[in-house]
Amino acid sequence: MDLSATQVRRIAVNAQGFDRARPTRPNLGHLRRVLTRVGAFQIDAVNVLARAHYLAAFSRLGPYPVDLLDRLTFREGGAYEYWGHAASIVDMSLYPALRWRMTRQETHGQWSAFLTRVQAERPGYAAAVHAEVAERGPLTFSELLDPARRPKDSRYSAATILWDRGSDGKTMLEYLYAKGTLAIAGRSGFNPAYDLAERVIPPATLAGPELSAADGQRELVRRATAAQGVATVKEVADYFRMSVADTKSRIRELVDGGELSECRPEGWKTTGYLHPTASAKPPQAAGLLSPFDSLLWERARVQRIFGFRHSFEIYVPAAKREYGYFVLPFLLGDRLQGRVDLKADRVGRRLLVKASFAEAGTDQIEVAAALAEELRSMARWLKLDDMSIAPHGNLASALSATLSA
């Protein structure tokens, strides 16, 4: 099957949950539908505007009650935190498909080295941490009776996103979480609070049959392909961070079984794999996307499908940034047509638009009008009373004029 570039763009946008009008009053059911569709919302600590997992839902639903996502994850049993694409809020229906990943953690070389060292330095510490959570949980690492703090590893600066090596207690909790013995029951600020998995994951989910690695991977491939509509092997693998080799094997099985079909997207150098739910109808999307949004996870895919270079400059020195610190691409229709650098001034209750850009070849008046509506919507959602447009970027003038009209 041949697919035009336009069809591919539309399929990719629709598959990510932008295929229908936003609900007038978003509720828990709408949120469940969106999370089931994309599979996972990536979590990130940056809170200059709003945290990434909350933004992912806003992009698709508009202004929704923020506590709905916490309710779905920590009280309703519809989602849980685990390693999906990265640290993520994951649809609970994917729990069985990720059990094999938990099982593999027990023999992972990195964890084995950590456990061997801790056992030599603090015999019985792993069992003690588990017992303490069982008795006192949920607990953050700083609430452990003995968080086993240690000197910071000089190889890791505070600016990196690598693990904090300053507490064996923190790392032990992460190990028990990675292998599924513990689960995240909530957060204190942004610090995860761990509890026994059986007190967090719904009993029916825990009691379900454990899938083999191949069966779990096959389900992840199904969901990753559905969430992208059409994708290469590498893109399917990246979605839930599977190996390319395992992904290739599972895709071949699903193609042979008639669940996926091969296709030839215009301009692609490799075979595409099409999910049967893929739709190429014109989407009516208008949404600001977190830089961690699942539509943007694979940057080479974004460049190839949308002709858009997704630039993530948080770790770039300010003087060298092209677009800004926390830049949100703007999806309009089936194209990424602009980007804005945003910040929430919570003290002054203002949404700061520090820079705004339209992509080459776009209608700047049209983009400014649609973007203005989205910014107004975001300001209301964040309970910000005012908006400030900085005169930086090729869209700033048109956007300022639109918002002032």
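The values are calculated or read from the model by the stated rules, or taken from the named source; none is laboratory data. Only a predicted model underlies this, so the values are computations on that prediction, with no experimental measurement involved. Note: ideal-geometry Cβ built from the backbone for every residue, glycine included; neighbour counts use all protein chains shown. Heavy atoms of the whole protein, side chains included, go into the accessibility calculation; ligands, DNA and RNA do not. Shrake-Rupley method; radii C 1.70, N 1.55, O 1.52, S 1.80 Å.
Filter the stretch 327-355 down to the residues that are part of a loop (DSSP other than H, G, I, E, B) and either within 27 Å of Q228 (Cα to Cα) or of a type outside the set (D, E, K, R) (or both) and list them by number.
Result: G333, D334, V347, G348.
Which one of these does A344 not meet: (1) of a type in the set (G, A, S); (2) free of Cβ contacts under 8 Å to residues at least 60 places away in the same chain; (3) surrounded by 16 or more Cβ atoms within 10 Å (Cβ to Cβ)?
Unmet condition: (2).
Are there any pairs, at least 6 apart or on different chains, whose C-beta atoms fall under 7 Å, with the first in the stretch 207-234 and on the phi > 0 side of the Ramachandran plot and the second in a helix (DSSP H, G or I), and if so, which?
G229/I11; G229/A12; G229/N14; G229/A15
Looking only at helices (runs of 4 or more DSSP H) that fall completely inside the stretch 64-147, which ones have 2 or more residues that are without any contact (Cβ under 8 Å) to a residue 40 or more places away in the chain and of a type outside the set (F, W, Y)?
Because the criterion is at least 2 residues that are without any contact (Cβ under 8 Å) to a residue 40 or more places away in the chain and of a type outside the set (F, W, Y), the helices (runs of 4 or more DSSP H) in the stretch 64-147 that meet it are 67-74, 109-121, 125-136.
For the stretch 293-326, give me each residue that is assigned to a loop (DSSP other than H, G, I, E, B) and open to solvent by 30 Å² or more (accessible area, probe 1.4 Å).
Within the stretch 293-326, W297, G307, R309, F312, Y315, V316, P317, R321, E322, Y323, Y325 qualify.
Which ones in the stretch 97-156 are of a type in the set (D, E, K, R) and crowded, with 18+ Cβ neighbours inside 10 Å?
Once the filter is applied, which keeps residues that are of a type in the set (D, E, K, R) and crowded, with 18+ Cβ neighbours inside 10 Å, the stretch 97-156 yields R99, R101.
Among the residues of the stretch 253-269, which ones are at negative phi and open to solvent by 50 Å² or more (accessible area, probe 1.4 Å)?
E253, D256, G257, E259, E262, R264, E266, K269
Considering only the stretch 287-306, state which residues are of a type in the set (A, V, I, L, M) and either within 17 Å of K234 (Cβ to Cβ) or touching an Asp or Glu at 6+ places or on another chain (Cβ under 6 Å) (or both).
If the condition is that a residue be of a type in the set (A, V, I, L, M) and either within 17 Å of K234 (Cβ to Cβ) or touching an Asp or Glu at 6+ places or on another chain (Cβ under 6 Å) (or both), then L288, L295, L296, A300, V302, I305 are the ones that fit.
Which numbered condition trips up W268, out of (1) under 30 Å from G333 (Cβ atoms); (2) not in a loop (DSSP other than H, G, I, E, B)?
Here W268 meets the rest and fails (2).
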